[in-house]
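*Asks:* I'd like to ask some things about the structure below.
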Amino acid sequence: MLTITITEPAMPEELKSLPAFLAHPKPLLAAGGKQLVGDLRDHFGARNEEPNKMGWPKKNFWAGIRRSTELAEVSDSEAKVSISDPAINQKVFGGTITPKRGRNLAIPQNDEAYMAGSPRNLPAGFLRLLVARSGGVYLVENDSSLRPKGKKGSKPGMSFAGRFWYHLVPSVTQEPDPNALPDEDYLLGSVMYAIRGVLDTEIERTV
């Protein structure tokens, strides 16, 4: 959540004729908040157009972040813009991810695993546990779980026997994404420009 607060004791000369308007600056803050929402949504939309780093099909993560961005509250003292999807926190701040259930995280090793999400979403018996000589623990395609492709009973798209599907790890630590949010100076300039537009309109109206 980003809060914008305007406190400017030294008003420009042309604004001193607007004391009543400035005493209740909610319209100014509303304009700034709406501009911030638009800037954030544009940024998240652009991020969603980026290809998956692994070349896998996209899950449109940033589109979900964009949809969760809205102007939450406006008063005479502040405007609050909320990104309600909690997934944005991991992108902005980074941190360690641990499993919500079970003992390990399942890190996808191919595009089908990535799209499937959890191993629990795959057919029973499709995967088997493999402990590598290096000590790594993996879920790999069970050679005996499927009949050869093309024969009766085969399952389309699951005929690549022996492939690695998931790497099992107790946790993953991620660094913050430096591009999770737009540049702060850009946002500030954009918001202040929108606010100034409201002031200019009021000045022209009262002159």
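Please treat every number below as a calculation from the coordinates, not as lab data. What you see is a predicted model, and the numbers here were worked out from it, not measured in a lab. Because the Cβ atoms are built from the backbone with ideal geometry, glycine has one as well, and the counts that use them run over all protein chains shown.
*Asks:* If amide hydrogens are placed 1.01 Å from N in the peptide plane, which non-local residues have theirs closer than 5 Å to the one on A72?
*Replies:* Hits under the 5 Å cutoff: K80, V81, S82.
*Asks:* Using 0.36 nm per residue of separation minus the Cα-Cα distance, give me the extension gain between N121 and R67 in nm, one decimal.
*Replies:* Details: separation 54, 0.36 × 54 = 19.44 nm, distance 2.61 nm.
Taking N121 through R67 to full extension adds about 16.8 nm, to one decimal.
*Asks:* Which pairs, out of K58/K91; K53/K80; K34/K91; K59/K91, put more than 25 Å between their alpha-carbon atoms? Kindly include the intermediate steps, with their values, before the conclusion.
*Replies:* Working: K58/K91 17 Å; K53/K80 33 Å; K34/K91 23 Å; K59/K91 15 Å.
From K58/K91; K53/K80; K34/K91; K59/K91, over 25 Å: K53/K80.
*Asks:* Mind giving me the FRET efficiency for K59 and A23? R0 is 35 Å, r the Cβ-Cβ distance, nearest 0.05 is fine.
*Replies:* Details: r = 48 Å, r/R0 = 1.37.
Calculated transfer efficiency: 0.15.
*Asks:* Same structure again: Give a quick list of trypsin sites (Lys or Arg not before Pro) in region 68-107 that DSSP marks as loop, anything other than H, G, I, E or B, with at most 13 other Cβ atoms within 10 Å.
*Replies:* Numbers: sites: K80, K91, K100, R101, R103; in loops: K100, R101, R103.
Sites meeting the loop and neighbour criteria: K100, R101, R103.
*Asks:* For D85 and L130, calculate 0.36 nm times their separation in residues minus their Cα-Cα distance, and state this gained length in nm to one decimal. Before the final figure, lay out the partial values.
*Replies:* On the way: separation 45, 0.36 × 45 = 16.20 nm, distance 3.53 nm.
Using 0.36 nm per residue and subtracting the Cα-Cα distance, I get 12.7 nm.
*Asks:* Applying the Karplus parametrisation 6.51 cos²θ - 1.76 cosθ + 1.60 with θ = phi - 60° to the phi angles of region 37-44, what ³J(HN,Hα) value in whole Hz is obtained for each residue in order, glycine and proline being reported as x?
*Replies:* Running phi through 6.51 cos²θ - 1.76 cosθ + 1.60 with θ = phi - 60° gives 4, x, 5, 5, 5, 4, 5, 5 Hz.
*Asks:* Roughly speaking, what is the stretch gain from D143 to I97, that is 0.36 nm per residue apart minus the C-alpha to C-alpha distance, in nm to one decimal?
*Replies:* Details: separation 46, 0.36 × 46 = 16.56 nm, distance 3.13 nm.
Extending this stretch completely gives an extra 13.4 nm.
*Asks:* In region 41-60, which residues have a backbone nitrogen under 11 Å from the label point lying 7 Å from D185's Cα in the Cα-to-Cβ direction?
*Replies:* none
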